[in-house]
Amino acid sequence: MSGTLNKVMLIGHTGDEVKMHYFEGGNCIGRFPLATNDSYVNKSTGERVNTTEWHNIVVRNKAAEICEKYLNKGDKIYIEGRLKTRKWQDEQGKDRYSTEIQCTDFTFLTPKNENSPSDPGSQNISQVNTPADNSQSISPNSTNVEDDLPF
């Protein structure tokens with residue numbers, strides 16, 4: 001195979017609010033940390049060990065504005081994107097590296113209270129999300145489609 005692939009898929013909880021940066025020309029960028037958890041049993045002690053991995057998420061333009069509007073600290077979100085490592089120098093002139101997830105697609109997974117007057121746009125979020133978000137895009141009166149699956 002001669003091609004390459006740089007793809008990341010994460011489901012996690014946001015660690016902070018989206019921090020926005022605006023540029024000349026109307027473009028913007030949003031950044032927020034995402035926590036993913038893992039647990040395993042230590043074979044020597046038999047004790048359960050929980051670990052948290054933090055990821056730096058970067059969203060751009062309209063996607064960043066949507067995240068800033070609807071995403072809160074602690075919300076669960078599905079992120080799809082690619083890895084990007086940036087190199088920079090600190091005050092002492094040492095090379096530093098920062099690895100980020102350049103988000104290309106996302107789906108909000110935390111249910112929003114549709115009766116909440118403070119968040120009137122929560123009912124329309126599924127229109128902004130990817131088609132993969134079947135759980136939010138199916139109406140409550142729709143029939144069960146799972147019986148039609150070929151497997």
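Of the set (1) in a loop (DSSP other than H, G, I, E, B); (2) modelled with pLDDT of 95 or more, all apply to Gly93 but (2). Take Ile66 and tell me if it is surrounded by 11 or more Cβ atoms within 10 Å (Cβ to Cβ) and in contact with a Cys (Cβ under 9 Å, 6 or more places away or on another chain). It is false that Ile66 is surrounded by 11 or more Cβ atoms within 10 Å (Cβ to Cβ) and in contact with a Cys (Cβ under 9 Å, 6 or more places away or on another chain).
Taking segment 17-29 as the range and being within 25 Å of the chain's Cα centre (by Cα) and loosely packed, with under 13 Cβ neighbours inside 10 Å as the test, the residues that pass are Lys19, His21, Tyr22, Phe23, Gly26, Asn27.
For the structure I just gave you, tell me whether Thr36 is surrounded by 10 or more Cβ atoms within 10 Å (Cβ to Cβ) and closer than 19 Å to Thr107 by Cβ. Spell out how you get there, then give the answer.
Numbers: surrounded by 10 or more Cβ atoms within 10 Å (Cβ to Cβ): yes; closer than 19 Å to Thr107 by Cβ: yes.
Yes; evaluated as a whole, the condition is true for this residue.
Which ranges mark the strands (runs of 3 or more DSSP E) fully within segment 7-62 that have 2 or more residues being of a type in the set (A, V, I, L, M) and touching a residue at least 40 places away in the same chain (Cβ under 8 Å)? Give the steps one after another, and end with the answer.
On the way: elements: 8-14, 19-22, 28-41, 48-60.
Where strands (runs of 3 or more DSSP E) fall fully within segment 7-62 and carry at least 2 residues being of a type in the set (A, V, I, L, M) and touching a residue at least 40 places away in the same chain (Cβ under 8 Å), they are 8-14, 48-60.
Scanning segment 63-90 for residues that are free of Cβ contacts under 8 Å to residues at least 60 places away in the same chain, among the basic types (Lys, Arg) and either more than 21 Å from Phe23 (Cα to Cα) or not in a helix (DSSP H, G or I) (or both) yields Lys73, Lys84, Arg86, Lys87. The set of residues in segment 98-112 that are closer than 19 Å to Trp54 by Cβ and modelled with pLDDT of 95 or more comprises Thr99, Glu100, Ile101, Gln102, Cys103, Phe106, Leu109. Taking the criterion of being within 12 Å of the chain's Cα centre (by Cα) and β-branched (Val, Ile, Thr), the only residue of segment 30-50 that qualifies is Thr36.
The values are calculated or read from the model by the stated rules, or taken from the named source; none is laboratory data. In this text, all values refer to a predicted model and were calculated from it rather than measured experimentally. Cβ sites come from the backbone with ideal geometry, for glycine too, and all protein chains shown count toward neighbours.
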